[in-house]
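Please treat every number below as a calculation from the coordinates, not as lab data. Being a predicted model, the structure only gives us computed values, none of them experimental. Cβ sites come from the backbone with ideal geometry, for glycine too, and all protein chains shown count toward neighbours.
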Amino acid sequence: MMRSRLLWPLVALAALLVLNVAVTPSFLELRIQDGHLFGSTVDILRNGAPTVLIAVGMTLVVATRGIDLSVGAVAAIAGSIACTYIAGGGSAVTAVLLALSVCVLLGLWNGFLVSVLGIQPIIATLVLMTAGRGGAMLLTEGQIITVKSSLYREIGAGFLILPIAILISLAVLVAVALLTRRTALGMLIEAVGVNPMASRLAGVHSRTIIWTVYVFAALCAGVAGLMISSNVSAADANNAGLWIEMDAILAVVIGGTSLAGGRYSLAGTLLGALVIQTLTTTVYTIGVPANVTLVFKALVVIAVCLLQSPRTAQLLQKRRKSPRSTSRSPEVAAG
Amino acid sequence: MRGISVEFPGVKALSDVDFRLLPGEVHALMGENGAGKSTLIKALTGVHSPTTGVIHLSGERVTFTAPGQAQAAGISTVYQEVNLCTNLSVAENIMLGREPRRLGGIDGRATRAEAAGLLARIGLTIDPASILASHPIAVQQLVAIARALAVEAQVLVLDEPTSSLDAEEVEELFRIMRVLRAEGVAILFVSHFLDQVYEIADRMTVLRNGALIGEYLPAELSRIELVSAMLGRELGTLHEVQRRSDARHPRAEPVLVASGLGRTGAIEPFDLDIRAGEVVGLAGLLGSGRTELARLLFGADRADTGTLTVNGQSGRPRGPRSAIAQGIAFCSEDRKAEGVVADLTVRDNLVLAMQAARGWARPVPRRTAEAVVAEYIEKLDIRPADPEAIMSTLSGGNQQKVLLARWLITRPRLLILDEPTRGIDVGAKAQIQKVVADLAAEGMAVLFISAELEEVVRVSDRVVVLRDRRKVAELTGDDVSVDHVMSVFAAPHAHTGAVAS
Ligand SMILES: Nc1ncnc2c1ncn2[C@@H]1O[C@H](COP(=O)(O)OP(=O)(O)OP(=O)(O)O)[C@@H](O)[C@H]1O
Ligand SMILES: [Mg+2]
């Protein structure tokens, strides 16, 4: 079932790649320069790294029937804290640790609102979504803060053959997959998402589980925020991670995890994030006019979602079957 | 309905089944768990579309692709799993989609008044403005029936409407069914209670493994014959579980002692002790507080007075997790809302409680999981016998078996079973009663709750009787009999009246 749901995102990704090759024949070319891999596809991976990372955290939140709208704001906060600290003469390592600690606190706050106070996730995280960016603005005093730390720059712009950013994201994805699937955590998360009441009565520690996934989502958002700001060696409280929560949620949904909670697929999420990122790149390479980019993006996403829906699958199946069943029905009516 | 087949990926749930339902009759659809009864009903009402076959309604061929169409055509249905909006009020649930209107909006007062009338018709006196979720599953079932009765239907379909009702409500329902039958309504009725079927049904159709076995008149088929038609074999274990209280005199230490435990509005403070190796039955009419009592012991609801002593440790129950840690297990009567994790596999559902007790970091070893799952699939005859099957695709009775197994494998010291045989067929019911008896013999304490008095009396060493949310009697030894329990129900003030609230 999960596999068939991933069919259309795969088709979409392939179609986008073909489209790109048609427009730019050199699109798939890769070259190694100074031990770094370069090419358009590598760029897609590097630019998509923050989205992948945030989408991984979002997947677990969505699996518990929640949603986290605050990830973009948390990303902006992380970048602002790190850059402000470095600009004030602090070391990059301390800056990173400081930023991530604050993100954990923000995740604890979200998790507290949802799991202890029982506030609807969409409302609970909306608080931080709006207030968080305001906080980041206060911190940076509304300025774009640029830093000159080569160590800090490595996170988002560095290379270990592949961009370091994508290596971090993939490592987290694999680690989470192993952690949740090799232990019982994944199953318990899904159980809480499908039927919280039944899980509670079965003795599942639902509150802790829900709390933890929000902390994890915030941590992922924090690292993603560091990647974004490090890539440009600057913190832009206004624009860093803007709308990234939407991309992440879309990636999760395209990847086959239902917003109603329950079964999740991290592989699907990765695929979904790649579709979104390739789409964003394609919009530029094929020269879609800037004022219609969002509409174009929306159309592709709607198409994928429509094709994925169970209803469409049913219709397609009936289409395929119909010639046979019409020829058979008269006999049945007679017998 | 002719030649109906319904297929799901990998399963043929119905093959080539004919079924006819005549006006003015009550037609019982019989079969063991997973035979295809609910599937046939859903094919009729357009929930599933049959792969082959035709349906005629009053001589006209019909194809419903959505339940709404069937309803519009005069088929009113109560499905096996209560599918109402539990967060809406009782009145809103009954009148949903056909509310009286006034000035372009919904007329709340008229809605409640009309709903109250429909509730009165089935003899239920509850506040129509109360939220549905605040009522026990039996009341929710009655509300679903009231909703089905609200439309003037020519066909009324009732899939296990009586599975959690007491004798009194069943009588009330039958009275209404008889009236409707006399008016010419065609009624399809599913129940695992043979007594009920023989009392009300004019004709019976038996399904087995998705195939039609035959159509019979109750007069020409004895119970034994009916059971073997359903199971395809003779039933051996049915009489094995005997009253056995005399056999043992549990003098063991009490596993649990409740003193003055109570919760305002749910149950008056009560005293109760349960000893190792003992089955204590809990009897009471609808709304007497059976489930409420059980939930207090487990900590699913907070007690506001009294103490609970478990294995010598006293305190107020703190919640399901700590109860489980103390060796108490609670199998809820509301399997859809409080038991089934629909999207997960049978295996995950079965090991859920065991896994939760071990904590997330220590997964139940694959081999252990496979062994216990296989053991209980066999022991309780869970079908399909596939640990990877998705829970929501199982028939109601089979889901119930999985939930029972979920708790049995945790080997609790005290097992609280709230309606454990709800929706379970005759064969499996005897099997489950036997399992309960065996566990007690091994030293487990069991609190057994059931609306079916015969069953409570059969399995229990001791019966606690509740009335109007108060413990009124405790019967032991030879006093444990259906007649005696009934007389306590009725006893001092037989006219105390009101049913659930
Ligand atoms: N959505 C589904 N997908 C796959 N199999 C299904 C689905 N729904 C039902 N089945 C299968 O069809 C068979 C018949 O199920 P059905 O619910 O009709 O049984 P039933 O006779 O109503 O049993 P019960 O007495 O337990 O309610 C079962 O084997 C069940 O597992
Ligand atoms: Mg059924």
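Worth a mention:
- Considering chain A at the alpha-carbon level, its Rg and Dmax are found to be 21.9, 88 Å.
- Charged-residue dipole, Cβ positions (Lys, Arg, Asp, Glu), the protein assembly as shown about Cα centre, Debye nearest 20: 2100
- Length-normalised contact order of chain B in % [C-alpha pairs under 8 Å, at least 6 apart]: 17
- Other protein chain C-beta atoms within 10 Å of residue C-beta, averaged over B:330-343: 4.
- Interchain or long-range residues, amide H under 5 Å from B:LEU261's placed H: B:PHE270, B:THR307
- The residues packed around B:GLY10, meaning those with a beta-carbon under 13 Å from its beta-carbon, carry a net charge of -2 if Lys and Arg are +1 and Asp and Glu are -1.
- Relative contact order of the stretch B:2-234, taken over Cα pairs closer than 8 Å and 6 or more residues apart, is 30 percent.
- Sites B:ILE106 and A:THR94, calculated FRET efficiency, Cβ-Cβ separation with R0 60 Å, nearest 0.05: 0.45
- With a 10 Å cut-off around each Cβ of B:360-367, the average count of Cβ atoms from other chains is 4.
- For the stretch A:175-300, alpha-carbon Rg over 2.2 N^0.38 Å: 1.27
- Between B:VAL62 and B:ASP195, the simple spin-label model (points 7 angstrom out along Cα→Cβ) gives 3.5 nm.
- Low-density loop cleavage sites - GluC sites (Glu not before Pro) in the stretch B:400-501, where at most 11 other Cβ are within 10 Å (DSSP): B:GLU442
- Distribution of pairwise C-alpha distances over the stretch B:2-234, 10 Å bins, in %: 8, 31, 35, 20, 6, 1, 0
- Normalised by the number of residues in chain A, the mean separation of alpha-carbon contacts (under 8 Å, six or more apart) gives a relative contact order of 32 percent.
- Kirkwood-Stokes translational diffusion coefficient of the stretch B:1-93, alpha-carbon pairs, 37 °C, 0.692 mPa s, µm²/s: 227
- Proximity of backbone amide H atoms, modeled 1.01 Å from N, is registered between A:ALA234 and A:VAL147 at under 5 Å, excluding neighbours fewer than 5 places apart on the same chain.
- Flagged links, alpha-carbon separation over 30 Å, of B:LYS42/B:LYS471; B:LYS12/B:LYS429; A:LYS148/A:LYS297; B:LYS42/B:LYS401: B:LYS42/B:LYS471; A:LYS148/A:LYS297
- Per-selection Kirkwood Rh - chain B (Cα, Å, 1 d.p.): 23.8
- FRET efficiency estimate (nearest 0.05) - Cβ-Cβ, A:THR285 to B:ARG178, R0 51 angstrom: 0.10
- Each Lys or Arg adds one and each Asp or Glu takes one away; over the other residues whose Cβ falls under 10 Å from the Cβ of B:ALA150, this sums to +1.
- Length added when fully stretched, B:SER322-B:ARG302, from 0.36 nm per residue minus Cα-Cα: 5.9 nm
- Phi-based couplings in Hz for the stretch A:253-266 (Karplus 6.51, -1.76, 1.60; Gly and Pro marked x): 5, 4, x, x, 8, 7, 5, 7, x, x, 3, 10, 9, 6
- Working from label points 7 Å from Cα in the Cα-to-Cβ sense, the B:GLU370 to B:ARG203 distance is 4.9 nm.
- Cβ-based charge dipole, the stretch B:279-352, positive-most Cα from B:ALA337, B:LEU286, B:ALA300: B:ALA300
- Residues of the stretch B:438-460 with amide N under 17 Å of a point placed 7 Å along Cα→Cβ from B:MET486: B:451-458
- Student exercise, chain A dipole from Lys, Arg, Asp, Glu Cβ charges, in Debye to nearest 20: 1380
- The longest stretch of chain A left intact once loop-based GluC sites (Glu not before Pro) with at most 12 other Cβ atoms within 10 Å are removed from consideration, loops following DSSP, is A:142-335.
- Volume of the convex hull of the stretch B:110-160 (Cα atoms only), normalised per residue: 79 Å³.
- Per-q log10 I(q)/I(0), the stretch B:240-500, q = 0.11 Å⁻¹ (Debye; single scatterer per alpha-carbon; no solvent): -0.59
- Over the protein assembly as shown, the fraction of Cα-Cα pairs per 20 Å bin, rounded to whole percents and listed from the shortest bin up, is 14, 40, 32, 13, 1.
- The stretch B:137-204: GluC sites (Glu not before Pro) falling in loop per DSSP and having at most 16 other Cβ within 10 Å: B:GLU152, B:GLU183
- Taking the charge dipole of chain A about its Cα centre, with +1 at Lys and Arg Cβ atoms and -1 at Asp and Glu Cβ atoms, the residue from A:LEU28, A:THR183, A:GLY57 reaching farthest to the positive side is A:THR183.
- Peptides A:228-240, A:157-169, A:12-24 ordered by average Cβ neighbours within 10 Å, highest first: A:228-240, A:157-169, A:12-24
- Annotation note: GluC sites (Glu not before Pro) in the stretch B:328-412 located in DSSP loop regions with a Cβ neighbour count of at most 11 within 10 Å are B:GLU388.
- Student exercise, the stretch B:305-383 dipole from Lys, Arg, Asp, Glu Cβ charges, in Debye to nearest 20: 340
- Across the stretch B:209-219, computed HN-Hα scalar couplings (Karplus, 6.51 cos²θ - 1.76 cosθ + 1.60, θ = phi - 60°) run 6, x, 10, 7, 9, x, 10, 9, 9, x, 5 Hz from first to last residue, x flagging Gly and Pro.
- Shielding value for B:45-54 is 2, the average number of Cβ atoms from other chains within 10 Å of each residue's Cβ.
- Unit charges at the beta carbon, dipole of the stretch A:7-319: most positive-side option, A:LEU7, A:LEU106, A:LEU316: A:LEU316
- Alpha-carbon Debye profile of the stretch A:1-129, log10 I(q)/I(0) at 0.10, 0.15, 0.21, 0.22 Å⁻¹: -0.54, -0.96, -1.14, -1.18
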